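The values are calculated or read from the model by the stated rules, or taken from the named source; none is laboratory data. Given the structure is predicted, the values throughout are model-derived calculations rather than measurements. Note that each Cβ is placed from the backbone with ideal geometry, even for glycine, and that neighbours are counted across all protein chains shown. Ligands, DNA and RNA are excluded from the accessible area calculation, which covers all protein heavy atoms including side chains. Shrake-Rupley method; radii C 1.70, N 1.55, O 1.52, S 1.80 Å.
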Amino acid sequence: MTENLYAGCATLIFFISLLVVGKKGKGLSDYIFLTWLCVLLVNVSTFIIIMRYNYPASFAGRILVEFSEASVFLHGPVFLFYTLSLVTTNFKLGFRQILHLIPFALCLGILISGIIFSKGVSNTIRQVLTILKMISLLAYTLNVLIQLQKHRNRVEKIFSNTESKYLDWLKFLAWGIITVWIISAAGMLLYNFSGFKIPQYGGEAGNLALCGLIFLIGYFGVRQEAIFNFIKTEDSAISPEEITLNIELELNNKTRRLDDMLLQEKPAPKILNDKYKNSGLSRQKSLELFKTLTTLMQDKKPYQESELTLFTLAKQLKIHPNHLSQIINQYNNQNFFDYINEHRVNDVKEALLCAKYDNHSFLGIAHEFGFNSKASFNRAFKKFTGVTPSEFKKTAK
């Protein structure tokens, strides 16, 4: 039964690899993903070999098994490279990335030298290598989660609808790897320090968990999309990192509102002035731009375009995206995502109180005012009103 599962998993990997190879317009992320699939195919193949022969007698078989053992040092870096290739526009494989492969090369060298020059690697050395492999895999996976959180913060400064841009499926896979890590660690601990006779020296539990993860990788991996490809200006490409270099701003105090800033003409808070003192916009110029933005939002309602981005709105205003993000942060204490969606929610609130929309569904109204999914609409509405759309309508009436 277990061997059939391994064989089915290997077949799935091979099938997914063919799909990736046949994909048109492949990017760096696809080639990295294909490499990862090849490593996984070797892993699953050695599971079958070990089940049948425990440790193969042939030299080639031993090399394959030892490569699979050392490849745990590969999974972390490859997963990180794959993630970075999806969330950044200028990621390239170079010398710095090669340095991440040194632990794998050293481990493989130790294991193969045990085959060539002696009767094998001692159990002590294998145990040390196993601990190092587990630490490496966990560290890289946690790094992936950190990169995804940075990516999440970044897209909220650029996009008004982020539902398909968070790459939550990668986060799901990262937690899947951590789950496999926990199961593998538990299996080895139980085998070595208890009476549980888990096959393959406690490793079979982790192998089965890895097969389950491979099915998830096969399902999610081919559905990935590069989301920043369209971000270009007339002169050059602008990366999200370049944009967010100047617009990172986290403010906990949101008591100053638009009325205070525009009607009372009070100066911007000192923290904001300090943040943007080198931005190239004077206090007067930034205030004029914000008034222009406010007029545009009231008259033309560009936020009702579901795919509105920082770049397209900046183009309408004929200003640089950095400056647009600055004035939104400086005078409204919000990032682009919240600024646009608060306007959408305000329109939806008016619609819910209007008899014209009595026969419209909440989703229909949400789509009309710029939301592209029910989930994103409900989250935004609850965030800015404190209640659900149905609760708001019921209370108002």
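Laid out as a table, the results:
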read-out	value
Selection count where residues are open to solvent by 30 Å² or more (accessible area, probe 1.4 Å), in a helix (DSSP H, G or I), at pLDDT below 70 and within 23 Å of residue 53 (Cα to Cα), scope the range 192-231	3
Test set (1) open to solvent by 60 Å² or more (accessible area, probe 1.4 Å); (2) at pLDDT below 90 - residue 279 fails condition number	(1)
The lone exception for residue 42 - which of (1) open to solvent by 10 Å² or more (accessible area, probe 1.4 Å); (2) over 26 Å from residue 8 (Cβ atoms); (3) of a type in the set (A, V, I, L, M) it fails	(2)
Tally, over the range 294-325, of residues that are open to solvent by 70 Å² or more (accessible area, probe 1.4 Å), under 28 Å from the mean Cα position of the chain (by Cα) and without any contact (Cβ under 8 Å) to a residue 40 or more places away in the chain	2
Residues within the range 1-13 that are part of a helix (DSSP H, G or I) and surrounded by fewer than 12 Cβ atoms within 10 Å (Cβ to Cβ), tallied	2
Identity of the residue in the range 117-136, touching a helix residue (DSSP H, G or I) at 6+ places or on another chain (Cβ under 9 Å) and of a type in the set (Gly, Ala, Ser), that ends up surrounded by the most Cβ atoms within 10 Å (Cβ to Cβ)	136
Matching residues in the range 174-184 - criterion: being under 14 Å from the mean Cα position of the chain (by Cα) and either of a type in the set (Val, Ile, Thr) or surrounded by fewer than 17 Cβ atoms within 10 Å (Cβ to Cβ) (or both)	175
When residues of the range 134-156 are limited to those that are of a type in the set (D, E, K, R) and touching a Phe, Trp or Tyr at 6+ places or on another chain (Cβ under 6 Å), the one modelled with the lowest pLDDT	156
Test for residue 358: is it farther than 22 Å from residue 152 by Cβ, of a type in the set (Asp, Glu), at pLDDT 90 or above and surrounded by fewer than 19 Cβ atoms within 10 Å (Cβ to Cβ)	no
Residues (closer than 30 Å to residue 162 by Cα and among the hydroxyl-bearing types (Ser, Thr, Tyr)) located in the range 120-151	140, 141
Checklist (1) open to solvent by less than 30 Å² (accessible area, probe 1.4 Å); (2) over 25 Å from the mean Cα position of the chain (by Cα) applied to residue 343, failing item	(1)
Single condition residue 377 does not satisfy, out of (1) open to solvent by 10 Å² or more (accessible area, probe 1.4 Å); (2) under 30 Å from residue 396 (Cα atoms)	(1)
Output for the range 73-116, where each listed residue is of a type in the set (Val, Ile, Thr) and either surrounded by 22 or more Cβ atoms within 10 Å (Cβ to Cβ) or under 20 Å from the mean Cα position of the chain (by Cα) (or both)	78, 83, 87, 88, 89
Selection within the range 151-173 - hydrophobic (A, V, I, L, M, F, W, C), part of a helix (DSSP H, G or I) and surrounded by 21 or more Cβ atoms within 10 Å (Cβ to Cβ)	155, 170, 173
Enumerated helices (runs of 4 or more DSSP H) restricted to the range 313-397, each holding at least 1 residues that are among the acidic types (Asp, Glu)	336-352, 362-368, 389-396
